[in-house]
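Chemist: This is the structure I want to talk about, given as structure tokens.
The values are calculated or read from the model by the stated rules, or taken from the named source; none is laboratory data. Please read all numbers here as calculations on a predicted model, not as lab measurements. Note that each Cβ is placed from the backbone with ideal geometry, even for glycine, and that neighbours are counted across all protein chains shown. The protein model used for the area step is the full one, side chains on, heavy atoms only, and it has no ligands, DNA or RNA in it. Shrake-Rupley method; radii C 1.70, N 1.55, O 1.52, S 1.80 Å.
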Amino acid sequence: MNTGTGGDHDADLIRALLKDQHPDLAELDVRPPVRGWDNEMWRLGGELALRLPRTDRAPELLRKEHRWLPGLAAQLPLPVPTPLRLGKPSVLFPQPWTIVKWLRGEPADRTPIGHAYGDRAADTLADFLRALHLPAPADAPSNPYRTAPLDTLTEAFERQVREVAEDVPPGVRAVWEDAVAAPGPQGPPVWLHCDLHPANVVVTDGTLSGVLDFGELCAGDPAVDLAAAWMLLPQGRAARFFSAYAHADDAAVRRARGRAILHALALIGIGRAGERGLPGGKTTWGRAGRAALGRVVADG
């Protein structure tokens, strides 16, 4: 019996799971996985992928996606990895797993959005978030840390700045303090992706073409997602994005800058761990975080 989370798995397990629970898919080609933070994603044939949890928290994230994402996906103008089937825990693997749509493209931490396509990507991102940011139902999932008010996250900000001090440009603290001072959201909580960073979107032909990993999906302040204006887009495109989005007041933009700083600092920390060869480190995340931090300070 496989022990489930906590390690990487092999193609023999994937074929066995399919043969056991989804035999109509068992003859599809199984390609080596992309290993993300919480899940492995094994490509099945040309159109599908199997997501297998690799951390203790991942099974609950997969269940959340399976419950909520299919309904949301229908209203979104970009492709997302919609869950199509839910694998049940078994003697082969003791956790749930999912079959999802495969999204073509390269993750933006490896292939950033091209400067020549920045305006198009800004409009595409704005359309996507405007469609997603609808009032969430009362039973929508919550994410207390990621949606916490910025003034409760100052200790986290200070810790992250200390940990990556060599990569923190002048002006970061001023932008952060302005974000903390901004008024809070006035409207109802809306649906959030809540994890929009470069490794969670894909790029095709230079521009944004899909959004991955809805495991952090929750309700909250839209500014959490609006940080993507600096996390994802080339330098100087944030103003176009907010004009196209059309629903963010000055306070929301200020809060979004603060969220972008937190996200960028976290990516830099993970990138530095990768540079040292430490578990969980990803060097491409560091490059993406440094670039994002530079953009938000330049626009601040």
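Chemist: If amide hydrogens are placed 1.01 Å from N in the peptide plane, which non-local residues have theirs closer than 5 Å to the one on Thr55?
Modeler: Gly6
Chemist: Further question on the same structure: Give me a comma-separated list of calculated 3J(HN,Hα) values for region 70-84, in order, Karplus coefficients 6.51, -1.76, 1.60 applied at θ = phi - 60°, integers in Hz, x for any Gly or Pro.
Modeler: x, x, 6, 4, 4, 9, 9, x, 10, x, 9, x, 4, x, 10
Chemist: Around Glu47, under 15 Å between beta carbons, what's the net of Lys plus Arg minus Asp minus Glu among the other residues?
Modeler: After counting each charged neighbour, the total is +3.
Chemist: OK, next. If Lys and Arg each add +1 and Asp and Glu each add -1, what is the summed charge of the other residues whose beta carbon sits under 15 Å from the beta carbon of Arg257?
Modeler: -2
Chemist: Also, quick follow-up: Could you point to the residue in Ser142, Pro188, Ile113 farthest towards the positive end of the chain's charge dipole, with +1 and -1 charges on the Cβ of Lys/Arg and Asp/Glu respectively?
Modeler: Of the options given, the answer is Ile113.
Chemist: How large is the helix-only mean residue ellipticity at 222 nm for the chain, computed as the sum of -39500 (n - 2.57) over DSSP H runs with n ≥ 4, divided by its residue count, in deg cm²/dmol to the nearest 500?
Modeler: -12500 deg cm²/dmol
Chemist: Translational diffusion coefficient, Stokes-Einstein: compute it for the chain using the Kirkwood radius over C-alpha pairs as Rh, at 10 °C and 1.306 mPa s, and state it as an integer in µm² s⁻¹.
Modeler: 80 µm²/s
Chemist: Angle check, please: helix 11-21 long axis (alpha carbons) against the longest principal axis of the chain (alpha carbons), in degrees 0 to 90, nearest 10.
Modeler: Long axis of 11-21 versus the principal axis of the chain: about 70 degrees.
Chemist: While we're on this one: For region 137-149, just list the computed ³J(HN,Hα) in residue order, Karplus coefficients 6.51, -1.76 and 1.60, θ = phi - 60°, integers in Hz, with x standing in for Gly and Pro.
Modeler: x, 4, 9, 4, x, 10, 8, x, 6, 5, 10, 4, x
Chemist: What share of all Cα pairs of region 137-272, in percent, falls into each consecutive 10 Å distance bin?
Modeler: 11, 42, 38, 9, 0
Chemist: Further, regarding this structure: To make sure I understand the rule: partners must be aspartates and glutamates, Cα under 12 Å from the Cα of Lys19, and not fewer than 8 residues away in the same chain. Which ones qualify?
Modeler: Here the aspartates and glutamates satisfying the reach criterion relative to Lys19 are Glu27.
Chemist: State the extension gain, in nm to one decimal, for the chain segment bounded by Asp20 and Ala138, taking 0.36 nm per residue of separation less the distance between their alpha-carbons.
Modeler: Gain on stretching Asp20 to Ala138: 38.8 nm.
Chemist: Under 5 Å between amide H atoms, partner at least 5 residues away or on a different chain: which partners does Cys218 have, H built in plane at 1.01 Å?
Modeler: Leu192
Chemist: Assuming 0.36 nm per residue, please report the length gained on full extension of the stretch Ala246 to Arg85 beyond their Cα-Cα distance.
Modeler: Additional length available on full extension: 54.4 nm.
Chemist: Strictly over 20 Å apart at the Cα level, which of Lys64/Lys88; Lys64/Lys282; Lys101/Lys282 would you flag in this model?
Modeler: In this structure, Lys64/Lys282; Lys101/Lys282 lie more than 20 Å apart at Cα.
Chemist: In region 39-186, with Lys and Arg counted as +1 and Asp and Glu as -1 at Cβ, which of these residues, Thr152, Trp102, Ala165, has the Cα nearest the positive end of the dipole, that is, farthest along it?
Modeler: Of the candidates, Trp102 comes out farthest on the positive side.
Chemist: Dipole magnitude of the chain about its Cα centre, charges +1 at Lys/Arg Cβ and -1 at Asp/Glu Cβ only, in debye to the nearest 20?
Modeler: 200 debye
Chemist: Let me ask another. Over region 202-300, what number does the Rg to Rh ratio reach, with both radii from the alpha-carbon atoms and Rh per Kirkwood?
Modeler: In region 202-300, Rg relative to Rh is 0.99.
Chemist: Ok, one more. What are the extents of the Cα atoms of region 104-177 along their three principal axes, listed from largest to smallest and rounded to whole Å?
Modeler: For region 104-177, the Cα extents along the three principal axes come out at 40, 37, 23 Å.
Chemist: Same structure, new question: Of all the accessible heavy-atom surface of the chain, with the other protein chains kept in place and a 1.4 Å probe, what percent is carbon and sulfur?
Modeler: Solvent-exposed carbon and sulfur of the chain make up 52 percent of the total.
Chemist: I want the local charge near Ala227. Using Cβ-Cβ distances under 15 Å, sum +1 for each Lys or Arg and -1 for each Asp or Glu among the other residues.
Modeler: Neighbour charge sum, excluding Ala227 itself: +1.
Chemist: Per residue, how many Å² of accessible area does the chain show with a 1.4 Å probe?
Modeler: 44 Å²
Chemist: Let me ask something additional. List every residue whose amide H lies under 5 Å from the amide H of Leu48, counting only residues 5 or more places away in sequence or on a different chain, with H placed 1.01 Å from N in the peptide plane.
Modeler: Residues meeting the amide H criterion: Trp102.
Chemist: Let me ask you something else. Got a sec to turn the phi values of region 241-251 into Karplus ³J(HN,Hα) couplings, 6.51 cos²θ - 1.76 cosθ + 1.60 with θ = phi - 60°, whole Hz, x for Gly and Pro?
Modeler: 4, 5, 5, 6, 5, 6, 10, 10, 7, 4, 5
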